[in-house]
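Encoded as structure tokens, the structure appears first; notes follow it.
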Amino acid sequence: MAVDLDEIIRVREEADCLADGTTVNAALDRMAAEITAQMGQKNPLVYVVMNGGMILAGQILPRLPFPLELAYLHATRYGHALKGADLDWRMRPTQDLRGRTVLVLDDILDEGHTLHSILEYLKGEGAAEVRSAVLTHKLHERKAYPGMRADFTGLDVADRFLFGCGMDYKGYWRNAPGIYAVKGL
Ligand SMILES: O=P(O)(O)OC[C@H]1O[C@H](OP(=O)(O)OP(=O)(O)O)[C@H](O)[C@@H]1O
Ligand SMILES: Nc1nc2[nH]cnc2c(=O)[nH]1
């Protein structure tokens, strides 16, 4: 289906900025310090969840001053939709996970089904320790299980449909430098 670029541009112009680039950078600095303190001695294998985790990875990895290996996996449950469905694995991890400490990076923990499935899968593959880091944690009571949180969180955000810093609106604006909420959503 053809994309209405006028709509894409209008959504960006009308959106509410929930966190600007400066705020995101401060959150990244804090997260990086926390991750370094807790994982700096653990030789972790870091998984980026494609596509949304790409921006977090690109911004936080240079802030981590310790040895780590980088890999990616691809799982999606929203596609271009505004509501999540079943998780669609597009690329499962290919590395040997037995005995490894793993850190998973993603842009958002919303209902948490994506992260929960990924973490369970990695444990099932023999990872010794599995941790998670998300740039944003959406505040609501519809989590995969009550009280679910990543081990490391950049920013708590309102229960709205977000884009920017890896999160897309119909495939666009992952490149927006802050966290934005679509007007009316
Ligand atoms: O907590 P949940 O409700 O499960 O949602 C969070 C997931 O949704 C987004 O992925 P999406 O399926 O949109 O794929 P994308 O990474 O390609 O944008 C985001 O990147 C997270 O992986
Ligand atoms: N772009 C985007 N992806 C999501 N995946 C889960 N929640 C969201 C959201 O608010 N925005």
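Residue-wise test of (1) within 15 Å of ligand 2 (Cβ to nearest atom); (2) within 16 Å of THR136 (Cβ to Cβ); (3) not in a helix (DSSP H, G or I).
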| residue | (1), (2), (3) |
| --- | --- |
| VAL11 | yes, no, no |
| ASN25 | no, yes, no |
| ALA33 | no, no, no |
| ALA37 | no, no, no |
| LYS42 | no, no, yes |
| TYR47 | no, no, yes |
| ALA57 | no, yes, no |
| ILE60 | no, yes, no |
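Checked across region 115-123, the condition of being surrounded by 14 or more Cβ atoms within 10 Å (Cβ to Cβ), in contact (Cβ under 8 Å) with a residue 40 or more places away in the chain and polar (S, T, N, Q) holds for at least one residue.
For beta carbons closer than 7 Å, sequence separation of 6+ or different chains, a first residue in region 44-69 that is over 7 Å from LEU105 (Cβ atoms) and a second that is surrounded by fewer than 17 Cβ atoms within 10 Å (Cβ to Cβ) and among the hydroxyl-bearing types (Ser, Thr, Tyr), the qualifying pairs are LEU64/THR36; PRO65/THR36; PHE66/THR36. The number of residues in region 122-139 that are of a type outside the set (Asp, Glu) and more than 17 Å from the chain's Cα centre (by Cα) comes to 5.
For region 80-99, the criterion of a residue being under 19 Å from ILE35 (Cβ atoms) and near ligand 1 (Cβ under 10 Å from one of its atoms) is satisfied by no position. Would you confirm, using the coordinates I've provided, whether ALA32 is out of contact with any Asp or Glu (no Cβ under 9 Å at 6 or more places or on another chain) and farther than 23 Å from VAL157 by Cβ? Answer is no for this residue.
With a cut-off of at least 2 residues that are in contact with a Ser or Thr (Cβ under 9 Å, 6 or more places away or on another chain) and among the aliphatic types (A, V, I, L, M), name the strands (runs of 3 or more DSSP E) lying wholly within region 62-181.
Values: elements: 69-76, 88-91, 101-109, 129-138, 152-157, 179-181.
So the answer is 69-76, 101-109, 129-138, 152-157.
Does region 100-135 hold any residues that are more than 9 Å from ligand 1 (Cβ to nearest atom), touching a Gly at 6+ places or on another chain (Cβ under 6 Å) and either hydroxyl-bearing (Ser, Thr, Tyr) or closer than 16 Å to VAL48 by Cα (or both), and which are they? Correct list: LEU105, LEU135.
Read-outs throughout are calculated quantities, based only on the coordinates presented, and are distinct from any laboratory measurement. Bear in mind that the values here come from a model prediction, so they are computed numbers and not experimental data. Positions of Cβ are generated from backbone atoms using ideal geometry, with glycine treated the same way; all protein chains shown enter the neighbour counts.
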